[in-house]
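Here is the structure we will look at.
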Amino acid sequence: PYICQWRWVCERRFLRKEGTDTKTLPFLVRRTPSGNLPVYVEPSQKGLKFTRVRRVFGDAEHLANEVSRLCGAEARVGRGGRKAVEVPGAHEQKIKEWLQHLGL
């Protein structure tokens, strides 16, 4: 019997671009072990939705400003031990397309 060694699925439309230089960016968003972008829509305690970009390294404030401009909503750097950027509303597709366009 054939046993598949891949336990995950990578979204094909958001695959990493080859040959793009990301060294000039002030921030870095690392992909998950499965190769996906770590952008998630989560519910808040008030019943609203917000989008969280996880695995942020470098200047998270700069990323928050760029995401604010992109989504038209006020983004902030999340509290906690790891850096994350949170923006109110469901903007997962927009942010993933933008991050892929940057070459991340």
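Quick look at the values:
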quantity: Accessible surface ranking that places the most exposed of Lys23, Lys83 first, with a 1.4 angstrom probe; calculated: Lys23, Lys83
quantity: FRET efficiency for Glu42 and Asp21, using Cβ-Cβ distance with R0 set to 30 Å, rounded to 0.05; calculated: 0.40
quantity: Evaluated over region 26-102, the Cα radius of gyration and Dmax, each in Å; calculated: 11.5, 33
quantity: Cut-off 14 Å between beta-carbons: net charge of the residues surrounding Pro88, Lys and Arg +1, Asp and Glu -1; calculated: +1
quantity: Gain on full stretching of the segment that runs from Lys49 to Glu92 - 0.36 nm per residue minus C-alpha separation; calculated: 14.4 nm
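The values are calculated or read from the model by the stated rules, or taken from the named source; none is laboratory data. Computed from a predicted model, the values in this text were never measured in an experiment. All Cβ positions, glycine included, derive from the backbone under ideal geometry; neighbour counts span all protein chains shown. Surface accessibility is based on the protein's heavy atoms, side chains included, excluding ligands, DNA and RNA. Shrake-Rupley method; radii C 1.70, N 1.55, O 1.52, S 1.80 Å.
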